[in-house]
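Heads up, the thing below is written out as structure tokens.
What follows draws every value from the coordinates through simple rules; no lab data is involved. Please read these numbers as outputs of a predicted model, since none were measured by experiment. Neighbour counts run over all protein chains shown; Cβ positions are idealised from the backbone, glycine included.
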Amino acid sequence: MGDVVRERVEGKLRGAGHQATPQRMSVVGALCEEQHQSLDEIRARCPEVGLVTVYRTLDLLSELGLVRRMELGGRPRYEMAERHHHHLVCESCGLISEFEDCPLDQGVISRTSPEFRVTAHSLEVYGKCADCG
């Protein structure tokens, strides 16, 4: 896990009044290894951390805006929330790929619902990858 990510996570945890325990940092390390992981994949990367602790850590990191929980391909997936991007999900093989050019026009939302303040958004596009055609 990169030192920059570790420092950012530790700082955000402590700033919110939480400890950066070895178990929490182990979950963060697992999340840093790959994007779009299922709970089972995260657990396999940190088997020394109990299931309840993994759940609680993911919930806490999500609340703090450090981790994104997404419903991709019919089950929850997790990733570090380091950069803004969206997802293409193949309905046949489950392949998940990313794209960064955001087609959402925040100005349209502001004009249509001025009383609503957008704090975040996600976009998942479902279809078939080139291999599944």
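Taking amide H as placed 1.01 Å from N in the peptide plane, the amide H of Q37 sits under 5 Å from that of Y78, each at least 5 places away or on another chain.
Expressed as a whole percent, the proportion of Cα-Cα pairs in region 1-79 lying more than 16 Å apart is 44%.
When F99, F116 are sorted by how many other C-beta atoms sit within 10 angstrom of their C-beta, beginning with the fewest, the order is F116, F99. Of the DSSP H helices in the chain, none is both long (alpha-carbon extent of 20 Å or more along the helix axis) and hydrophobic (Kyte-Doolittle mean at least 0.5). The distance between label points at F99 and E115 comes to 3.4 nm (points 7 Å beyond Cα on the Cα→Cβ vector). With the charge dipole of the chain set up from +1 on Lys and Arg Cβ and -1 on Asp and Glu Cβ about the Cα centre, the Cα lying farthest toward the positive end among the listed residues V108, T57, M80 is that of T57. Per residue and in Å³, how big is the convex hull formed by the alpha-carbon atoms of region 34-133? Cα convex hull per residue, to the nearest whole number: 127 Å³.
Phi angles of region 89-98 translate, via the Karplus equation with coefficients 6.51, -1.76, 1.60 and θ = phi - 60°, into HN-Hα couplings of 10, 7, 6, 8, 9, x, 4, 10, 10, 10 Hz per residue; Gly and Pro are given as x.
Largest mean-square fluctuation among I42, I96, I109, in a Gaussian network model of the chain whose springs join Cα atoms under 10 Å apart, belongs to I109.
Only Lys, Arg, Asp and Glu carry charge here, each on its Cβ (+1 for the first two, -1 for the last two); on that basis the chain has a dipole of about 460 debye about its Cα centre. Taking other C-beta atoms within 10 Å as the exposure proxy, R56, R117 rank R117, R56 from fewest upward. Roughly what % of DSSP beta bridges within region 63-133 run antiparallel, to the nearest 5? So the antiparallel bridges in region 63-133 amount to around 70 percent.
Near the amide H of E82, within less than 5 Å, lie no amide hydrogens of residues on another chain or at least 5 residues away, with H placed in the peptide plane. Pairs of alpha-carbon atoms within less than 8 angstrom and 6+ residues apart define the contacts here; what relative contact order does the chain have, in percent? In percent, rounded to a whole number, it is 19. With θ taken as phi - 60° and the Karplus curve 6.51 cos²θ - 1.76 cosθ + 1.60 applied, the whole-hertz 3J(HN,Hα) list for region 122-133 is 9, 9, 10, 10, 9, x, 10, 6, 4, 5, 8, x Hz, x standing for glycine and proline.
In this structure the amide hydrogen of L88, modeled in the peptide plane, comes within under 5 Å of the amide hydrogens of S97, E98, F99, V125, none closer than 5 places in sequence on its chain.
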